[in-house]
C-alpha cells in the first residue's frame, strides 16, 4: 500500500521505524475495566444466590463492565486534558 502511494524508500523506512505512541493512561483504563468486571461478577453471583434467578451474572457483567468502560474513558479524557493544560 505504501509503494502504491509512490513513497520513497526513506519515507517507508521512517514509517516502519516510528514507534506507536501509547497513551500514558492505557493501564489506568485497563485497571478500571478489570475492577468493574470483578465487581460485576461478584455482584451477579451474590444476586443469583439471593434470588435463585440465573440472569443476574450476564446482566451485571454487561451493565457494570459497560459502565466501567465509560468511566475509564471519561477519567482518561479528563487527565489528558489536564496534561495538555499543564504543558
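The values are calculated or read from the model by the stated rules, or taken from the named source; none is laboratory data. Computed from a predicted model, the values in this text were never measured in an experiment. Because the Cβ atoms are built from the backbone with ideal geometry, glycine has one as well, and the counts that use them run over all protein chains shown.
Annotations for the structure displayed:
- Annotation note: Cβ proximity below 6 Å between a residue of the stretch 1-30 that is over 30 Å from residue 80 (Cα atoms) and a residue that is outside any loop (DSSP other than H, G, I, E, B) and at pLDDT below 80 (sequence gap 6+ or interchain) occurs for 2/12.
- Selected residue (criterion: surrounded by the most Cβ atoms within 10 Å (Cβ to Cβ)) from residues of the stretch 25-62 that are in contact with a helix residue (DSSP H, G or I) (Cβ under 8 Å, 6 or more places away or on another chain) and in a loop (DSSP other than H, G, I, E, B): 25
- Evaluation of residue 65 against (1) farther than 30 Å from residue 84 by Cβ; (2) surrounded by 12 or more Cβ atoms within 10 Å (Cβ to Cβ) (one fails), failing number: (1)
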